[in-house]
Structures are given as C-alpha cells and as structure tokens.
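Everything below concerns the one structure shown next.
The values are calculated or read from the model by the stated rules, or taken from the named source; none is laboratory data. Here the structure is a predicted model, which means the values were calculated and not measured. Here the Cβ is made from the backbone with ideal geometry for all residues, glycine too, and neighbour counts use every protein chain on show.
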Amino acid sequence: METPGSQSSLHRANLERVVRAVRLAGSLTQAEIARTTGLSAATVSNIVRELKDGGTVEVTPTSAGGRRARSVSLSGDAGIVIGVDFGHTHLRVAVGNLAHQVLAEESEPLDVDASAEQGFDRAEELVNRLIQATGVDRSKVAGVGLGVPGPIDVESGTLGSTAILPGWSGTRPAEELHRRLGVPAYVDNDANLGALGELVWGSGRGVKDLAYIKVASGVGAGLVIDGKIYRGPGGTAGEIGHITLDESGPVCRCGNRGCLETFTAAGYVLPLLQPGHGPDLTMEGVVRLAREGDPGCRRVIADVGRHIGSGVANLCNLLNPSRVVLGGDLAEAGELVLGPIRESVGRYAIPSAARHCSVLPGALGGRAEVLGALALALSEMGDSTLLDGTLSPNPPAFT
C-alpha cells in the first residue's frame, strides 16, 4: 500500500508528472521534460526508460541545439481522443492519438436552424464513421472534446443564449455526447478551443500568454494565461465583441449600442457591401475580392481591422499578452487586416504592452476549433489511467 510521502508514492507522482508533460506537449526531449517538471536529468532518464519498457511512451532519436537528443512521445496505440466542432454552417470531427497525430478528419455542412438532437445525431454518425475508418479499437477512446459557438456555464455545462444556434439554448452538450458515446466528454466555446488549437499546433506555439480573436457571425476571444485557458467564474471571459466603441452606435444583439461586434461581425459588415456586390456575398467572398484589389472590400476590411485593433488594445492594457492570433475567415486577408489591427494597437495600447505584443494570423484556418477540441480532451484526461492501462476513468466525466 502506498502511503503519503513514501518512496512508492513519490515515484508514482513523478511518473504522472512526466506523462502529463509529454501528453500536453505532444513530444519533448528528455532535457525539456526535466525543465518542465523540475525533475533531475537522471530521474527523467530512469522514468522514461521505465515508461518505454511498459509501452506507455515511444523514444526516437532527434537533435536539439545541434546536439543529439531523444524525443519522447506517448505511444501511438496508447489511446485516441475525438474532437467535435459545431460551427456556424458546419460540423467538423477529428480523431487523434495521444502523440498529437491527427488520424482522420472530416467536415460536412450543418444547418444552423437544425435542432440540437439532429445536430448530435449527425455528430454521433460522423464520429462512429471516423473511428471505423481509422481501424482503432473503440475501447481505446480516452475522451471527446466538443466546441460550440456560444457561452458555456462553467458550473452546469449548460449552453447559454446564442444567436448562432438558438435551438440549442439550455442544452448540456457534453452530457449529451457522453450519453451517446459512453466516454468522458468536455465542452467549451469555439473561441477558447481556437486558442487551444493555435497554442498546441499553430501560431501560439512557444508562448504562455495568448489572445485568440475569432471574427465570424460574432466576435469572441480565447484567452490563454500562463499556458491555460482563462474562462472566468461564469465562463464568459473573452467576450471582446461587447466592448463598447460608440454609445450612440448600432444596437447590438446583447441590447447595448455600439459594441465592437456591431462594427466587425459579418451580419453588420456584409450589408455595407451587398448593394454593389449582390445579396449572396459572404465574408469569405469579401476577403477574396479584397485580395484581388476590390477597393470597397479593401476599405471595409481595413475599417474592421482598426476596430478589432481597438478591442485588442484594451486586452493589451489589461492582460499584456505576448501574442494575439487572428482566426476565422478574416485572417485570410493577411496584411490587409493585420496592418490596421497593429496600427490601432500601437495607437491605443500603452507603449510597453504594444511593444511586447505580436499580432499574427492563425496557422490552422478552419481547423483551429476542432484541433482545439482534441487538445481539450488531451488536457482533461487523467494520467493515472495511462499508467494503469485503462482509459475509463471512474466515474465517467462530463464538464
């Protein structure tokens, strides 16, 4: 029996620290594991050897700083996680292993007016199809991460009011997915998952303080502080779209006037251009036309960038992030939108905050949220289940 403070309990704790560090990073050299965990190089070497002999990790030769090193990652057959992303017009599902490798991924259109039950029916079918396509034993599923375009109450897991999926308000998405798939399920909003995706796989790699800005039907921010998503006590942190820019401006869906969203979101921006470009114009089309030189689209994108920059400047003054990543369709505009964002940040943020903040486009495009859902499942699963050879925590969890 292990007792607190005993050698066996200390050894177990060190094993879990190493497994957690590797699980969250995807792969690390032994020197990086030592720096991350605070363990000595000799201890890490012994633990890695033990985990390798037990089949928990794989070790491959690599180089670091021009020197030979060994890269440690979780075994490819140790288990899989699933990511599900409900977007404005799509459903996207990905299956990945614990070594951060995406094994299968598929997207299909989704009618946003469909009921929550129909949406979950589609998600369940797509998940089952992808698991079958990978040929992975279903018992290897460690958990599923789920992204929805709306605020999630942290305590209850309930989806709040959302203009994008109005028929889903009051549902508990993670609980429903857990019931259907029989594995632990975790839910978060799309902006937070976009931040997680870029942090692990994209433009946020290597930083611990990050703001991910997503501009689509609404405007939201995923905030990473000290390497972790910051949600706030009610789960509504990052609602940058409702910063007031003009108290006499257009009425926002939140009931206030002149919110950032009323100057940047698709529902407000597209009507400015549709008289000359047709009623079927989309934000994707605006970006494409702007890149081709359309003056009206270029002007609107520049204006949107300046407004976003005002909101980002507020974030810089409050949180002092080292990196801001722009996601969604608008990021495809490149410097046409990034330049005006940086201009506003330079103008409205205090100089020290602006100087230490870089503004970059997202590297993952429309995949950011589903990869973030994979990262969510990876971050929430327990390390003891890997060491004990079981992927079924007791009791099953949904949050």
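Is one or more of the residues making up the range 73-96 among the hydroxyl-bearing types (Ser, Thr, Tyr) and crowded, with 19+ Cβ neighbours inside 10 Å? Checked against the condition, which is being among the hydroxyl-bearing types (Ser, Thr, Tyr) and crowded, with 19+ Cβ neighbours inside 10 Å, the range 73-96 yields at least one hit.
In the range 1-114, counting only strands (runs of 3 or more DSSP E) that sit wholly within it, the ones holding 3 or more residues that are among the acidic types (Asp, Glu) span 102-109.
Residue by residue, here is whether (1) under 26 Å from residue 158 (Cα atoms); (2) in the same structural domain as residue 89 (by TED's automatic domain parsing); (3) over 30 Å from the mean Cα position of the chain (by Cα) holds:
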| residue | (1), (2), (3) |
| --- | --- |
| 232 | yes, no, no |
| 258 | no, no, no |
| 279 | no, no, yes |
| 300 | no, no, no |
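Restricting the range 177-219 to residues that are crowded, with 24+ Cβ neighbours inside 10 Å and of a type in the set (Asp, Glu), which is nearest to residue 139 (Cα to Cα)? The extreme case among them is 188. Set side by side, the residues 154, 136 differ, and just one is touching a Pro at 6+ places or on another chain (Cβ under 9 Å) and either under 17 Å from residue 193 (Cβ atoms) or in the same structural domain as residue 378 (by TED's automatic domain parsing) (or both), which is 154. Which residue is nearest to residue 230 (Cα to Cα), if the candidates are limited to the range 317-344 and must be crowded, with 24+ Cβ neighbours inside 10 Å and more than 19 Å from the chain's Cα centre (by Cα)? This residue is 341.
Each residue in the range 184-230 was checked for being under 11 Å from the mean Cα position of the chain (by Cα) and of a type in the set (Asp, Glu), and 3 pass.
Only one entry of 95, 72 meets the criterion of being closer than 19 Å to residue 139 by Cα and touching a Leu at 6+ places or on another chain (Cβ under 8 Å), and that entry is 95.
This table checks each residue for (1) outside any helix (DSSP H, G or I); (2) outside the structural domain of residue 122 (by TED's automatic domain parsing); (3) on the phi > 0 side of the Ramachandran plot.
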residue	(1), (2), (3)
147	yes, no, no
174	no, no, no
183	yes, no, no
186	yes, no, no
200	no, yes, no
213	yes, yes, no
